[in-house]
Ligand SMILES: NC(=O)c1ccc[n+]([C@@H]2O[C@H](COP(=O)([O-])OP(=O)(O)OC[C@H]3O[C@@H](n4cnc5c(N)ncnc54)[C@H](OP(=O)(O)O)[C@@H]3O)[C@@H](O)[C@H]2O)c1
């Protein structure tokens, strides 16, 4: 049943956004899905009844389109982000000015709750422009909408993720898996379903207003451990080969020129710093959510990378 509450999800057609849109709809919200390509939201319409999920065109670089998109919304979720710069999609324009545009429009429209998704590692002092602009974006959002809830996830995993799918694909096609800088950087992967549950709760519940949370999964892994786990789940044997930082820099420089780069110099800077929940940071506990272990979820989608494919084991029985 649809209630009378409307939520607008900027970046609702992205990896995390699609889970947020479906969960909001499941919980009875009308959902405006705002992105530059509203057609990409069409497959989600079946997650609601007729008229419950409404794709609308919006570009966070265009204030008027942002204001129009969140018209009538009681809650706004701000998920727009980029991993590398292309054309007019610059880190400043998206993570700072774009995030501020959504927050300003939400405040002006009298929206009750704003949930802004940043990232662990957001810092004004980072060597990475992604992380610096994420920090500046948080500041701009707080200035425009002091009651916003800011969520900083670690690397997010789930069936359509860009991390485990990338390395499982490499395990299938490449002779080795790379350990950039020796693979010692630590990560705390968080399940997309848990993150979406926290976002939807923050959109619903005033207790989270004005808070900043860091969201990580139940376990911290080194990059090397994540590669070993990926190989185990994909049932592949590949050597793990250390790529010294200097060599990785050259590779990232070349790859950074590709239309959809696998690695950029800016991402390399992020890889130098641990991506884990800070000691004492508020996190999933505040939501009553017990984060899901990667070991439970990964086999449900990385099995397609196994030798012979997803059905090989069943056929062998
Ligand atoms: N995935 C992770 O591991 C991870 C980890 C930490 C933090 N985060 C943060 O979480 C957020 C969502 O990440 P994601 O993985 O879901 O990203 P994603 O799959 O790349 O989705 C990005 C979304 O933003 C929209 N978008 C891009 N440029 C836009 C613009 N100018 N105006 C309006 N919409 C625009 C895209 O739709 P269109 O292209 O159609 O406009 C898409 O809906 C980001 O802020 C990201 O930094 C993600």
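All of the numbers you see were taken from the coordinates with simple rules; none came from a lab. Here the structure is a predicted model, which means the values were calculated and not measured. Glycine also receives a Cβ, built like all others from the backbone with ideal geometry; neighbour counts cover every protein chain displayed.
Here are a few things to note about the model shown:
- Principal-axis tilt of helix 223-234 within the chain, Cα atoms, nearest 10 degrees: 80
- Taken along its principal axes, the alpha carbon cloud of the chain reaches lengths of 55, 50, 39 Å, longest axis first.
- If R0 is taken as 25 Å, the Cβ-Cβ distance between residue 250 and residue 273 corresponds to a FRET efficiency of 0.75.
- Dividing the helix sum by the residues of the chain, where each DSSP H run of 4 or more adds -39500 (n - 2.57), gives a mean residue ellipticity at 222 nm of -10500 deg cm²/dmol.
- Set against the 2.2 N^0.38 Å expectation for a compact globular protein, the stretch 197-299 has a Cα radius of gyration ratio of 1.39.
- Axis of helix 99-108 versus longest Cα principal axis of the chain: the two differ by about 20°, to the nearest ten degrees.
- Once the Kirkwood radius over Cα pairs is known for the stretch 40-104, the Stokes-Einstein relation at 25 °C and 0.890 mPa s delivers a diffusion coefficient of 186 µm²/s.
- Nearest-ten-degree value, helix 15-26 long axis tilted from longest Cα axis of the chain: 50
- Quarter of the Cα convex hull surface for the stretch 74-187, i.e. its orientation-mean projected area (nm²): 9.0
- Cα-based equivalent ellipsoid, the stretch 127-212: semi-axes from gyration tensor eigenvalues, Å: 32, 18, 9
- Distance from the Cα centroid of the stretch 1-23 to that of the stretch 93-141 is 19 Å (rounded to whole angstrom).
- R0 of 45 Å, Cβ-Cβ distance residue 222-residue 258: FRET efficiency to nearest 0.05: 0.95
- Unit Cα scatterers, Debye sum, the stretch 1-74: log10 I(q)/I(0) for q = 0.27 Å⁻¹: -1.26
- Our estimate of slack between residue 27 and residue 4, defined as 0.36 nm per intervening residue step minus the Cα-Cα distance, is 7.1 nm.
- Working ranking of peptides 123-134, 297-308 by packing, defined as the average number of other Cβ atoms within 10 Å per residue, highest first, is 123-134, 297-308.
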